[in-house]
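Notes for the one structure printed next.
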Amino acid sequence: MPQQVVFLLPILEGLDGSKKMSKSLGNFVGINEPAAEMFGKLMSISDELMARYYPLLLGRNLPKDAHPAEAKKDLAFQIVQTYHSATVAKQTLEEWNTRFGAKRLSESELPEFAARDESAVTIVAAIYAEVFSLTKSRAEASRLIKQGSVQLDGQKIVDPTAKLSLHAGQILRLDKTHAVRIK
């Protein structure tokens, strides 16, 4: 038999931490995904999985004295930098820190949205589009409302068809990271 070469590598576990990373299993980070999505997926991994990702993806061990959250940010930053650019990675890290960092925006710093009298689903979809430049379909907005993510002055709105009468000064939270002050 002729001489053969064998190249063995460990399998990279997916975001779930149990099965191999695979698009068909839905536990993957795509190299052509937007930077924020890539960063967010990497920030969602467990601390144990992070210790496996460091040597496989970065070619170095996880620093022993690193705080887990900071180590994840470093991992996510390095991966985003590899597949996008240093500038995009820095901007994504800053956005992450602003959104999920210890410093939350006070009510006076929230973006403003003009008061309207429309259905909850219409208002939520409009806010995502007009204030945050994000495209959310009416079905996605309806799902957020039904699962209790949308709150008006701390009160959950669970009926997407409910007509909302918004008044100046109210706070409308769309999800954990998006909120507006009604003007």
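Tabulated data for the structure shown
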quantity: 1.4 Å probe accessible area per residue over the chain, in Å²; calculated: 62 Å²
quantity: Accessible carbon and sulfur surface of the chain relative to its total accessible area, %, 1.4 Å; calculated: 53 percent
quantity: Entry for Cα extents along the principal axes in Å (calculated from the structure that is shown) out of [x] 78, 36, 26; [y] 67, 40, 28; [z] 61, 39, 34; calculated: [x]
quantity: Descending Cα extents along the principal axes, the range 1-92, whole Å; calculated: 55, 31, 25
quantity: Using alpha-carbon coordinates, inclination of helix 86-100 to the longest axis of the chain, degrees; calculated: 50 degrees
quantity: Positive-end extreme of charge dipole, the chain - chosen from S119, A51, Q155 (charges on Cβ); calculated: A51
quantity: Euclidean distance of C-alpha centroids, the range 13-64 and the range 105-183, integer Å; calculated: 32 Å
quantity: Relative contact order (%) - criterion: Cα under 8 Å, at least six apart; region: the range 77-165; calculated: 24 percent
quantity: Sequence-separation-based contact order of the range 15-104, relative, with Cα cut under 8 Å and 6+ spacing, percent; calculated: 26 percent
quantity: Sequence-separation-based contact order of the range 26-183, relative, with Cα cut under 8 Å and 6+ spacing, percent; calculated: 18 percent
quantity: Fully extended contour minus Cα-Cα distance, from L134 to Q147, at 0.36 nm per residue; calculated: 2.7 nm
quantity: Overall Cα dimensions of the range 73-154 - principal axes, largest extent first, Å; calculated: 45, 29, 22
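The values are calculated or read from the model by the stated rules, or taken from the named source; none is laboratory data. Everything numeric here is computed off the predicted structure, so don't read it as measured data. Positions of Cβ are generated from backbone atoms using ideal geometry, with glycine treated the same way; all protein chains shown enter the neighbour counts. Keep in mind that these areas ignore ligands, DNA and RNA; they rest on the heavy atoms of the full protein, side chains included. Shrake-Rupley method; radii C 1.70, N 1.55, O 1.52, S 1.80 Å.
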